[in-house]
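Only one structure is covered here, and it is reproduced in the block below.
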Number of protein chains: 2
Amino acid sequence: MPVPIKISEETFTPRQQAVLTAALDLLVENGDGITMTAVARRASCSKETLYKWFGDRDGLLTATVQWQAAKVRMPTVDRSHLSAKVLRESLEQFARDLLTTIIGEVSITLNRTAITHAAQEKDSLGNIVLENGPLAIRRRLKPILEAARDARLLRFSASEDAYRTFFGLVVRDVQIRLLLGDSGLTQSNVEANIEVDVKAATDQFLALYGAKANL
Amino acid sequence: MPVPIKISEETFTPRQQAVLTAALDLLVENGDGITMTAVARRASCSKETLYKWFGDRDGLLTATVQWQAAKVRMPTVDRSHLSAKVLRESLEQFARDLLTTIIGEVSITLNRTAITHAAQEKDSLGNIVLENGPLAIRRRLKPILEAARDARLLRFSASEDAYRTFFGLVVRDVQIRLLLGDSGLTQSNVEANIEVDVKAATDQFLALYGAKANL
DNA sequence: CTAGAACCGTACCGTACGGTACGGCTGCGG
DNA sequence: CCGCAGCCGTACCGTACGGTACGGTTCTAG
């Protein structure tokens, strides 16, 4: 529980959302080159308005990241009907959503932007991305894992360790390679193997933490 | 085998290495803010010399990253005496080196710099970091895994999958969280748990891929 | 001792970009 | 119809920084 993060929706007006969309598009296209003038031109608004609405460049960037990051959806699982089958399907759904998200251009752009930002003693963007990415997964996954343990479907001492193992098995080196622009790892390249990887990661996780044969 | 990468040592003179050291220090301290003037002042050299030696800002950055990244050492394992015990120790050594590297400030800075760079359609830095990081690990680890399979110590169909699983089990979410500047994950914080994590990752990997009880 | 190469320090130039100011257009309350 | 608020477009300002030019100093070769 490090720093209190502004998670609230902030309720942007439609016009403001159009501006943020323009900013995000530019971010995805031109990398971090994004200038205020470019955003203003793309969004057909004046720079004065940008500054009025978002304060400064950082404010615009923060609003963009925050607004977009909050869109990442996360599967919800009914913890009351946990069976081996339901557990497996839930885990697969988490893995699928996680993989699908991190290989998306938007996610890559957001992570790159936040990391660039973090390289300049500013960690606000990093915290927003973390909060809506890994930490959101953790919040959603942990209760399920613990419910599964209570139902004698999983066996572990610390749910934190189980969560992190799951994360590692799913993500592997995919995210860092995409962030670094690995030429041998295109988005479509990974996309084609999602289902295989999802299955493999789930199998491995259950092999490590399953209380019995959970096929 | 995407793009031919300049891996050669490039043989920098001591004076040039002093300049690169200064550049790296500034990179670690000030994040990506690094200006040519700042490097020149820190290294007590003239900007003219910087441009003469490294061409432009990108050249200096590239030289710095390349020179530093090449320093990452990687354990060498004698493949001829592979036993269960030697295999385990080798894996633990790989895991330890990998973890120790990625949590270091230098590694974080290099990765951040390369990612920032990759966000601007320049992927040269990213390739250098990849080549000396994940891909170097892979080159070193794969032969060992395959030797272990030949020795009936491990069981897998594709060494690529085994390597990536190992990577995931070791790194988990540590690297991305550090890159994003997670306030709840300090370097010393992680450092204290390296041995535990190394042990856990190795145990898990052997549990998944070991041909028998490999304790 | 001299010539020249290498290099330091500093001044300088051009430009890109963050941020501000302002004139003009549109729409709405009175 | 008037006035005002909000916003667009553009022009403008200040500065930071990449890159160049140049005079002065040290070192080396002959």
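The values are calculated or read from the model by the stated rules, or taken from the named source; none is laboratory data. It should be emphasised that the depicted structure is a prediction, and the values quoted were computed from it without experimental measurement. In this analysis, Cβ positions are derived from the backbone assuming ideal geometry, glycine residues included, and neighbour counts consider all displayed protein chains. These accessible areas exclude ligands, DNA and RNA; they are computed on the full protein's heavy atoms, side chains included. Shrake-Rupley method; radii C 1.70, N 1.55, O 1.52, S 1.80 Å.
Quick notes on this structure:
- Index of the failed condition, A:W53 passing every other in (1) open to solvent by 50 Å² or more (accessible area, probe 1.4 Å); (2) within 16 Å of DNA strand D (Cβ to nearest atom); (3) free of Cβ contacts under 8 Å to residues at least 24 places away in the same chain: (3)
- Top-ranked residue in the range A:6-37 [being open to solvent by 80 Å² or more (accessible area, probe 1.4 Å) and farther than 25 Å from A:L130 by Cα; ranked as nearest to DNA strand C (Cβ to nearest atom)]: A:R15
- No other residue among A:L82, A:L60, A:L141 is more than 30 Å from A:A18 (Cβ to Cβ), more than 13 Å from chain B (Cβ to nearest Cβ) and not hydroxyl-bearing (S, T, Y) apart from A:L82.
- Pick from the range A:38-93, criterion among the aromatic types (F, W, Y) and either at pLDDT 95 or above or within 16 Å of DNA strand C (Cβ to nearest atom) (or both), ranking: farthest from A:A200 (Cα to Cα): A:Y51
- Extreme residue, farthest from A:I103 (Cα to Cα), among residues of the range A:166-197 that are of a type in the set (V, I, T) and more than 7 Å from every other protein chain (Cβ to nearest Cβ): A:V196
- Qualifying residue in the range A:68-82 (condition: within 16 Å of DNA strand D (Cβ to nearest atom), of a type in the set (A, V, I, L, M) and either open to solvent by less than 40 Å² (accessible area, probe 1.4 Å) or part of a helix (DSSP H, G or I) (or both)): no
- Looking across the range B:144-165, the residues that are within 14 Å of chain A (Cβ to nearest Cβ) and among the charged types (D, E, K, R) come down to B:R155, B:E160, B:D161, B:R164.
- Residue identified as open to solvent by less than 60 Å² (accessible area, probe 1.4 Å), within 16 Å of DNA strand D (Cβ to nearest atom) and aliphatic (A, V, I, L, M) among B:V129, B:V65: B:V65
- Enumeration of residues in the range A:93-126 that are among the charged types (D, E, K, R) and open to solvent by 20 Å² or more (accessible area, probe 1.4 Å): A:R96, A:E105, A:R112, A:E121, A:K122, A:D123
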